[in-house]
1. Name the residues in the range 55-77 that are over 16 Å from the mean Cα position of the chain (by Cα) and either surrounded by 10 or more Cβ atoms within 10 Å (Cβ to Cβ) or of a type in the set (A, V, I, L, M) (or both), would you?
2. What are the pairs, 6+ residues apart or on separate chains, where a residue within the range 25-51 that is free of Cβ contacts under 8 Å to residues at least 12 places away in the same chain has its Cβ under 8 Å from a residue that is open to solvent by 80 Å² or more (accessible area, probe 1.4 Å) and of a type outside the set (A, V, I, L, M)?
3. So, in the range 1-12, how many residues would count as being open to solvent by less than 70 Å² (accessible area, probe 1.4 Å) and more than 13 Å from the chain's Cα centre (by Cα)?
Amino acid sequence: MGLERVLAIQAEVNAGADRDGMPHIDLINAEEEARIRELIALETWPQGWDGDEPLATVPLDIVYQNGAVQPLLFGAE
């Protein structure tokens, strides 16, 4: 989803550049896009990830480096 959003923004910006006679920009070039798609297809995750991580929209307790946990003050609604 993130890749598609970045590519959509890039296309929108470049359409505006065409209208205004300005040069195109690459947020992600063709080589980078191909590599990202390859890594997605291979289900390659950053070190320590397994693909089952919670979404950023899910409230989580705060866990400090020393292992102390600060629970959520208010639950997720």
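1. Matches in the range 55-77: P59, L60, I62, V63, A68, V69, L72, L73, A76.
2. Listed by first residue and then by second, the contacts come to G51/E43; G51/W45.
3. In the first step, residues of the range 1-12 are kept if they are open to solvent by less than 70 Å² (accessible area, probe 1.4 Å); the result is 2-3, 6-8, 10-11.
Subset that is more than 13 Å from the chain's Cα centre (by Cα): 8, 10-11.
Total meeting the criteria: 3.
Quick grid of which residues meet (1) outside any loop (DSSP other than H, G, I, E, B); (2) in contact with a Ser or Thr (Cβ under 9 Å, 6 or more places away or on another chain); (3) open to solvent by 80 Å² or more (accessible area, probe 1.4 Å); (4) of a type outside the set (S, T, N, Q):
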{"residue": "N14", "(1), (2), (3), (4)": "yes, no, no, no"}
{"residue": "H24", "(1), (2), (3), (4)": "no, no, yes, yes"}
{"residue": "L27", "(1), (2), (3), (4)": "no, no, yes, yes"}
{"residue": "E33", "(1), (2), (3), (4)": "yes, no, no, yes"}
{"residue": "P46", "(1), (2), (3), (4)": "no, no, no, yes"}
{"residue": "E53", "(1), (2), (3), (4)": "no, no, no, yes"}
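The values are calculated or read from the model by the stated rules, or taken from the named source; none is laboratory data. This structure is a prediction, so every number in the text was calculated from the model and none was measured. In this analysis, Cβ positions are derived from the backbone assuming ideal geometry, glycine residues included, and neighbour counts consider all displayed protein chains. What goes into the accessible areas is simple: the full protein's heavy atoms, side chains included, and nothing from ligands, DNA or RNA. Shrake-Rupley method; radii C 1.70, N 1.55, O 1.52, S 1.80 Å.
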